[in-house]
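Taking it in order: structure first as structure tokens, then the write-up.
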Amino acid sequence: MNSKLIKMLNFAIYKTMKRVLCHLQCDVIKKNVLRKFVRKPHYSEKTLSHTHLKRLLQKCRSVLEQFEVFNSYTQLTDEDISIRKSICKDIENAFQPHFPHCAVELTGSSVSRLGLKNSDVDLSFQTFSNETKKHNSTDDICIDFKEDTKMGNSSFAGFSQLISKEKLCHLKTLLTDAGFDKQSKVIPGVCPILYFTHRNLACDLSIENKSALYSTNLMLFCNMLEKRVAPLYRFLIYWFKYHKLCGGISKFKSYAVFLLVIYFLQTRNPPILPTVEDMIQRAEIISDKSSVTYANEYFNTFENSKNSESLEELIKEFFCFYAKFSYSKAICPLVARSVDTTELTSRSLASGNVFQANSISIQDPLDPNWNVTNGVNHKYCSLFQRGMILLSKYCYPDEYWKPTTTGTWGLLHLLELKIPQK
């Protein structure tokens, strides 16, 4: 075979191998991209009916009564909380044989009681030493977290050395072997979660999620400090979910909605809530990186707000406030003022964890270098801003707030106004 033919064959083999490698790389890239955007399985059974809620609100005789009816229908009851605690115990019991010194803690709305009846059950898997004390009640909270380097009789001796996603995969296997949901999924993200259902409720399990415990404690504290927090937040989180702005990887998180409410209440004149900085210093919401603690005695250090605005006035002002807000600045509940995002970015450079600005930026008061809305897609940021502008136009004409037996009015009118897509 002459040299020219050999060169031609080699070139043909090279081109073929290049195409094969290119296809393989594309497949890997596609898989990695898809893996980043894994969605939670759709859970069809719902505990809230918008149609039924609409009928209830339509029958009311005032906006105040609408708030009362809305809360009565959507809030978590004592029975709901009891079921969630029982679910938490079920999960903990499934892990105990493998991790003798572990605990599964409720976080989020199951503890703060700010969420809706159909909110996910948020859970955090914790490992404890024998000396660790756990105590959790709404009257006196004292939770100390200590890393347990001795995993006892754990079937995974190197569990503590695994990354969070790998730990969740192990926990998923344990739950499946114990007879739990076989359709559970590990959802990637900044804080990966194991998503599954138990007793007809959706559950999100994370690993050593201390930030969730801290934010839960802040939400609970604000709820106990000011009675207007719960009805406002509950209506607004429902509005976000109804308009599909909340509940997905690239959408607003419930914690972001909570911070929008808190910042708004901090900036009323006079303020309804103090700065989070003040809460941390005076109430020890976070005392250090390994503990969360506060007690009823701290409430005595805060004076009652002199602001007497009604819920009707506040919900109207909320939409007007964020319709006019300058989103080139970041919302900072830590100090109750807006700050240029460039300033937050430059401040965070020294720490190596840079504050990343977005179309809407909300500084986490418990982790100042973190933008809570960092992962929110520009599309949903724009929808939120357009929604605020739209609703602000309907807040003050009396015709939309007077009870009527035909058409929508009050809170129902705010809920059902469609946000323009462009």
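Where a number appears in this text, it was derived from the coordinates with a stated rule and is not lab data. A quick note: this is a predicted structure, and the numbers were derived from the prediction, not measured. Note that each Cβ is placed from the backbone with ideal geometry, even for glycine, and that neighbours are counted across all protein chains shown.
Checking the Cα-Cα distances for Lys59/Lys393; Lys185/Lys251; Lys165/Lys324; Lys227/Lys253; Lys306/Lys402; Lys241/Lys306 against a 30 Å cut-off, the pairs over it are Lys165/Lys324; Lys241/Lys306. Neighbours of Glu313 by Cβ distance under 14 Å: Lys/Arg scored +1, Asp/Glu scored -1, total -1. One Cα centroid belongs to the stretch 239-264, the other to the stretch 68-102; the line between them spans 23 Å. The stretch 182-229 and the stretch 325-352 have Cα centres separated by 26 Å.
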